[in-house]
Every structure is written in structure tokens, then in C-alpha cells.
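The values are calculated or read from the model by the stated rules, or taken from the named source; none is laboratory data. Keep in mind the model is a prediction, meaning the values are calculated, not measured. Cβ placement follows ideal geometry from the backbone for every residue including glycine, while neighbour counts extend to all protein chains displayed.
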Amino acid sequence: MTTESGERSASRGEILIREAFETAKGFDWDLEADDILARVRRPDRRGRRRVEVVLVTALILVVFFAPLPGINLFHRLQGHNGISPTGPSTVPTTPRQTTTPVLSSGTLAYLSPVGEQTAWAVVDTSDGGEHVLRTVDGGTSWADVTPSQLTALVTPTNVGNGASTPQVIFFGAERAWTAAAGKLVATDDGGASWRDVAALPPSCVPVQFVDPSHGWCNASFVGQGMSSTVDLYRTVDGGRRWQHVQSVDLPNSASKGELPYECQKGFRFTTPSVGWVGLSCGGYVDQVYETTNAGADWIARTISTPSSLAKAEILMMPPIFVGNLGAGVMSVNAGDTVMYYSDDGGRSWHTVVPPGGLQPWAVDVISPLQWRLANAQSILSTTDGGRTWQTLAPRWPFPLGNPEKYGVPIIQFVTASIGWGQFWDSKTGTNTLWRTTDGGLQWTKVLYSRSDSKITLGQLAGTFYGGKGFGQVEPSEFYNGGDASGAVRHIVWQSWGGLKAVGTGEGEYVGPGQDVAEATAESATVVAFDRGDCYGNLMYQAIEWYFPRHGQSFDPNQYENICTGAFVTSAKTASTCPPSHIAVGTGPEISPATGEQALVVTLSNEGPRPCVLDGYPRLRLVTSADTVLNLPQVTHSQYLLATVARPVMLAVGAFAYVAIAKYRCDLGDLQVPSRLRLTLPGASAGTALTLSGRVISGLDLCKGGRSDPGNLIAVTPVESTLADSLP
């Protein structure tokens, strides 16, 4: 940007980048083959001197997960800590593996998944410490494998005096490195023991290891503007010895084979000899740099960018490679995302603008051909380098229409179906961690600290909105808002925080043939269960209580749903809703995508008992002459996004929802229906429910034949809420 006098002033992004790197003293924008390349910087409540890998000009959040043996997804910067080195040693660590969160408090700093079940995590604790955690069961339990060298370094006193927090580099399921007191510290047994490897070069921050032997560290300092020096070192023996391979230390001094001084530089090595550097220069950039001799010499590679970006401010992330295929990410003008791709080993590059044009995305580059881009509404995926895209409507862990609480999610997939998501909760100032096993549709919360495990007893909702104790942690009493038999007092909980919490208290027992007025106070056993996510909050979603003295026992098939606030019967034992018990109607009018007609169908349970609907309904559009229109049924369209069917429990009088959408007939109508027949999941065609009249207008057969997009009709599965049936 320019001032009124015409002089160029620093953009907000440049100012923030400078502040971040100056805070760290030493600078190394060391982005690994599977690092998060850009995160919005989040304030540290303790004032800790920490510089994350930050793209502060943007909301773009990038994850690189290359198919290399080493995986390090979050990578932070470290300045020289000034603490004297200690002698060589091997320090055994006894991992504390727990089935509940291992730390008393803390917030996730960064995560490194290394397989379907295994992941490393670094957590900042409220007392100013830093812990390294490891899971081998998908986050169900964690072991604290923090090296004692790190524990001694990262103390409240040191952090309070301005010491920077060392980064931790992860490589596969067993190996990790960090820097402490000027030395490289390593483990090769999953954190069970850590050893001092050797002294690092002065102020050198470990950058990356591409295998157990070959790695790099960098001692960099910020100069004027966006410039930075470079002192790059290489090891070929696992960090025991370091060789200086490149220096950039003076403005306008770069000679052939050197990196430019004038820009911030981010490193990524893909083999023991090949590496790449991305640039941030505070303005337009269309180059990345490549080395084929382990960093000794560098050559510029130009990226062909659209003319519309000629005046854009660009931050170029270094690419990843598999064979001759490479892919990288550009942040354009404070956060919009553009991908760049090569199929000839990086000699030439072209750009790919994601669907929808320039906008911010959190990017997960699984491989040069497989990318996932996420925002608060959807996940875009491609398996062919951006030639074709698919759109997924994830059930993010927050209510529809309120994604601002968690911001843009950071996603990291290790397979097509298994992935991790991190959501910044601005209200609590913490990162929440989630995991998916179905490609990103549904997410389950993962606990890593007990402060993250403040599980409540449901919430005040529905029938129980006027109750008491719901929405609280370990309440000593609760009341469902009905008569006196709906309350239990003086509860003592024995297992709060586990998959099921059991407590004992005092309730009103109503015997067979008795009225509530005849109830007597008796000892009751309370069971809170179905621990999980209810619209972004972790809670026990079900509660049941019984009186052992009278021969009663826990029955998980009859309970109170304290997420939605309803008396329900378990879907596992409830029968499928018979069509004769279901009343069909229409929901509120909705605004479809341009060119589409949309309809919400309601299904209400008019029967005598709860029942279950599970799956997609079958649709038939029929003319007044009883001709069935040939409209193939699909599960997604411009307006409706593909979702996975799941059982919906319908209490007596409760509603379920189905959304229907169809594109208009641009070439005109061929046939017009007079009624819509909807067959419930699992029911026979002869039991179809019928809608007719104005509500089905626009669901016509088009003249364009099979190729006409208007000759497909999209439908969602049966959903429990109107919000779930819409994108």
C-alpha cells in the first residue's frame, strides 16, 4: 500500500510478520513436507515468546502431509535461548499412558498424525510449560513423553523472562527431535527415552529431517523490510556433526546459486539432496527456489501466474514432491488461496484457482495430486491436481450458522477416510481437537487435557428446558422439570469424565400402582452416558436412574436425551416407523441455489410409541395420468451436499426432515407432475406417502433428455433437524 505522499508503507501483513519474527530474535520460516505452513497467530494468554509458522497476512491455513517417512505437521520457530549446554546423556522417560486426559490443563499447540492410529502432539500448559504427547489408539489415550531436557528448559520462570519455546520435529511413529540448551535432543523409541545428540551451530534452529540421518538447521535473522539472513547447515549422521552449506547475509549481495536476501524464506527438503524455498517479499512473487545439492546452490523456478495477480501481494509456500509431481500453495492478498502444480519435476509450473474464485481456505495437501480445502461450510477435495473437484458438507462440531466460534478449521488427513481437525475456540482461547473416520462428514472430539474434559450433564433443552442441573459439570442434583419423581438429589459421582459416569443419590420412588404423591425417598443410582458432541459441546447426552433396592437395574434402551431434551427409546431396539404412523407435510420455504427448486418435507410420528427412520426415502413424481416421470434420484446437487444417512429416533409427536432439490428446465417442461410419492426407508412402494399441489411446482421433467441437469432430483437422508437437512 502507499501513503498519501506516495511512499510505500508496510502492509498489515508485513507489520505482523515483522513483529512475529522480531519477537523470536532468530528467524527460520522452516516449513516441512507435511507442516502447517500458515496459521493465523493466536494470542498466548501467558505472554509466552512463541513464534509459530505464521502467515499473518491471511486466514489461509495450510497443512502439507507428504508421503515421506517423516511427519511434522506443526512446526514452530525458535530463537537462541542462551542457556549453557549440558554434557551428553541418555535420559529415559517413563511414558504415562492414560485412558483419560494426561494433563491437568493445557491447549494444543500443534499436532503431527503419523498413521491411522498414531499421532504426536505438543501441548502448552497453563503454568507456562510444554508437553509432548503421543497416542497409538487414535486419541483415546495419550502418553506424556516429554523429554526432561525440555521440561527443565520450558519453565514459568524462563518463559516469563522471555525464553522462546523450542519446536519439536516429528519423523514417523518413533523418532522426534527438539533443541534444548543449544543441543539437539532426539528419541527413536516413541519418546520412551531421549538423548543429547550433539551441540547445534550457534542460534541454529532444526528445520527438517528427511530420514534418520539427513537433516538441516538454520540460523536466520530478520533484516530491513522483509529481508532475512540465512546460515544453513546440514547433517548426514543424524545431527552429530553439522556442515555449513549456504550463507545470505548482505543486501543485494546474492550471487549465482544463492538465495535472495530481500525476502523471508521458507525451507522444505524432499530428499537428502533436493529442497525448495518459498518466498514472502511484501509484494508480488512468482518464484520458488530449488536445490539439487542439499542446499549449497539454488536456482529460481518461475511460476506462471494469471495476469490478474500481477499487482497482488503473494506469499509463496515451498512445494512438496513425489517423483516429478509437485504442488504448493500461494496466499494472495491477505489470505486468498491459489494452488500451483508441476508435472515435470518443477521445471515449469501452472496455477489452479479453487472453485468459487479467490477466497481463504485451510489447505491439506496430502500428495501432489490429492488436496483438501476446508472452510466453515464445506470441504473441497481433488485427486487429480485440481482438474476436478468434489464438495463435502461436513458436520463440523458447531451448530449450523454459528461457525464463527471456532473459526476456520485446520484439517490433516492421513488416509482418504481418517483425519484430524483443530478448531480455535476464541471464547476459551484454546484449540479443540477432533477426529473423523468417514472422510470428514462426522467428527468426534478428542481429549488431550483434563481442562478440555469439562463434560457437562447434557444441557437445558426441549422438554427439560425448565429443569435443573443440566449443563453443569458433576451436578449434585438434577431435575427434569416434571413432577417430583424426575429429580435426584445429593448425588456423589464416582467416574465423571469417562465414557459413562455413575453416581448415587436420593430420588423419589413411585411403586407399582402408586401415585406420585405416595412416592418415598430412596437411594437411587444415576447413570450419565452417551458421551459425545452436542452442537460443539462435549457432554453426556443421555441419563437414566434406577432404584436397586427394588430390583431395578440400568436399562440403556429407555432414557432421557439431555442433548435435545426428549424422552426416547434407543434406536438399537426401537422398531422402524410404519408408514401408517407417519404424517407427511412441508417445512418452511428455503432459498435454493440459483436455478434450483427446493422443498423441505416433514415427517411426524403420530403413532403410540417412538420409532426409527434410517436412510434415504425413494421419490416418484407422477402426472395426473398416473405416468411416473423418469427423474433419476441423486444424493447431491448445487444446493444439497452429499451426507451419510444415520438413524433418526422419532419420539411421539416429533418431526424428522427431508430436503429435495432439482435444477430448473432451461429448455422447457416436457411433463408436469401432479403429486409426489415418498416411500420411507425400508418400506414397500405400496405404502408411499403423498404430497400434491403448489408445493411440488417446478419438479418437472425437462425437454433436454438425460444430459439436461434438470432431469435429476436430489434428496437428503431423513434427518433429525431441519438444519441437518440443509447445507
Looking only at strands (runs of 3 or more DSSP E) that fall completely inside the range 77-193, which ones have 1 or more residues that are at pLDDT below 65? 90-92, 96-98
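Yes or no, residue by residue, for (1) touching a Phe, Trp or Tyr at 6+ places or on another chain (Cβ under 9 Å); (2) among the aromatic types (Phe, Trp, Tyr); (3) surrounded by fewer than 21 Cβ atoms within 10 Å (Cβ to Cβ):
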{"position": "Ser604", "(1), (2), (3)": "yes, no, yes"}
{"position": "Arg609", "(1), (2), (3)": "no, no, yes"}
{"position": "Gly615", "(1), (2), (3)": "no, no, yes"}
{"position": "Ala651", "(1), (2), (3)": "yes, no, yes"}
{"position": "Val672", "(1), (2), (3)": "no, no, yes"}
{"position": "Leu676", "(1), (2), (3)": "no, no, no"}
{"position": "Ser684", "(1), (2), (3)": "no, no, yes"}
List pairs: first residue in the range 645-672 and on the phi > 0 side of the Ramachandran plot, second residue among the basic types (Lys, Arg) and surrounded by fewer than 23 Cβ atoms within 10 Å (Cβ to Cβ) anywhere in the structure, Cβ distance under 6 angstrom, at least six positions apart or on different chains. Gly668/Lys703
Is it the case that some residue within the range 469-486 is in contact with a Cys (Cβ under 9 Å, 6 or more places away or on another chain), surrounded by fewer than 18 Cβ atoms within 10 Å (Cβ to Cβ) and assigned by TED's automatic domain parsing to the domain that holds Glu560? no
Restricted to the range 343-375 and to residues being part of a loop (DSSP other than H, G, I, E, B), free of Cβ contacts under 8 Å to residues at least 60 places away in the same chain and among the aliphatic types (A, V, I, L, M), the residue surrounded by the fewest Cβ atoms within 10 Å (Cβ to Cβ) is Leu358
Reported set for the range 400-417 where residues are modelled with pLDDT of 75 or more and in contact with a Pro (Cβ under 8 Å, 6 or more places away or on another chain) is Gln412, Val414
Would you mind stating whether Ala659 is within 39 Å of the chain's Cα centre (by Cα), among the hydrophobic types (A, V, I, L, M, F, W, C) and either within 19 Å of Leu441 (Cβ to Cβ) or surrounded by fewer than 19 Cβ atoms within 10 Å (Cβ to Cβ) (or both)? yes
How many residues of the range 684-696 are in contact (Cβ under 8 Å) with a residue 40 or more places away in the chain and either more than 27 Å from Glu606 (Cβ to Cβ) or in contact with a Leu (Cβ under 9 Å, 6 or more places away or on another chain) (or both)? The answer is 7
Scan (1) in a loop (DSSP other than H, G, I, E, B); (2) on the phi < 0 side of the Ramachandran plot for the single condition Ala294 breaks and write down its number. (2)
Of everything in the range 664-706 that's assigned to a loop (DSSP other than H, G, I, E, B) and within 39 Å of the chain's Cα centre (by Cα), which residue is farthest from Cys611 (Cα to Cα)? Cys665
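Please state which one of Ser280, Ser308, Ser304, Ser227 is hydroxyl-bearing (Ser, Thr, Tyr) and without any contact (Cβ under 8 Å) to a residue 12 or more places away in the chain.
Numbers: Ser280 fails: without any contact (Cβ under 8 Å) to a residue 12 or more places away in the chain; Ser304 fails: without any contact (Cβ under 8 Å) to a residue 12 or more places away in the chain; Ser227 fails: without any contact (Cβ under 8 Å) to a residue 12 or more places away in the chain.
Step by step, each of Ser280, Ser308, Ser304, Ser227 is checked, and only Ser308 is hydroxyl-bearing (Ser, Thr, Tyr) and without any contact (Cβ under 8 Å) to a residue 12 or more places away in the chain.
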Say we look at the range 631-661 and pick out the residues that are closer than 21 Å to Trp389 by Cα, in a loop (DSSP other than H, G, I, E, B) and among the hydrophobic types (A, V, I, L, M, F, W, C); which of these is modelled with the highest pLDDT? Val644
Suppose we filter the range 264-314 for residues that are buried (at least 22 other Cβ atoms within 10 Å of the Cβ) and in contact with a helix residue (DSSP H, G or I) (Cβ under 8 Å, 6 or more places away or on another chain); how many remain? 3
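Take the residues in the range 231-287 that are acidic (Asp, Glu) and in a loop (DSSP other than H, G, I, E, B), then tell me which one is modelled with the highest pLDDT. Outline the logic, then answer.
Let us first name the residues in the range 231-287 that are acidic (Asp, Glu), namely 231, 237, 249, 258, 262, 286.
Then keep just the ones that are in a loop (DSSP other than H, G, I, E, B); that gives 237, 249, 258, 262, 286.
Working: Asp237: 95, Asp249: 75, Glu258: 85, Glu262: 81, Asp286: 89.
So, considering only residues that are acidic (Asp, Glu) and in a loop (DSSP other than H, G, I, E, B), the one modelled with the highest pLDDT is Asp237.
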Counting only residues in the range 618-630 that are modelled with pLDDT of 90 or more and closer than 19 Å to Tyr663 by Cα, the one surrounded by the fewest Cβ atoms within 10 Å (Cβ to Cβ) is identified as Val628
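So is Ser331 in contact with a strand residue (DSSP E or B) (Cβ under 6 Å, 6 or more places away or on another chain), of a type in the set (S, T, N, Q) and closer than 22 Å to Gly278 by Cα or not?
On the way: in contact with a strand residue (DSSP E or B) (Cβ under 6 Å, 6 or more places away or on another chain): yes; of a type in the set (S, T, N, Q): yes; closer than 22 Å to Gly278 by Cα: yes.
Criteria met by Ser331.
For the range 311-340, which residues satisfy the criterion of being farther than 22 Å from Cys263 by Cβ and either outside the structural domain of Gln377 (by TED's automatic domain parsing) or in a strand (DSSP E or B) (or both)?
Val322, Leu325
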Looking only at the range 187-221, which residues are surrounded by fewer than 24 Cβ atoms within 10 Å (Cβ to Cβ) and of a type in the set (Gly, Ala, Ser)? Gly190, Gly191, Ala192, Ser193, Ala198, Ala199, Ser203, Ser213, Ala219
Run Phe567 past the list (1) part of a loop (DSSP other than H, G, I, E, B); (2) hydrophobic (A, V, I, L, M, F, W, C); (3) at pLDDT below 80; (4) surrounded by 15 or more Cβ atoms within 10 Å (Cβ to Cβ) and report the number of the one that doesn't hold. (1)
Subset of the range 467-502, residues outside any strand (DSSP E or B) and on the phi > 0 side of the Ramachandran plot, comes to Gly469, Gly471, Glu474, Gly481, Gly497
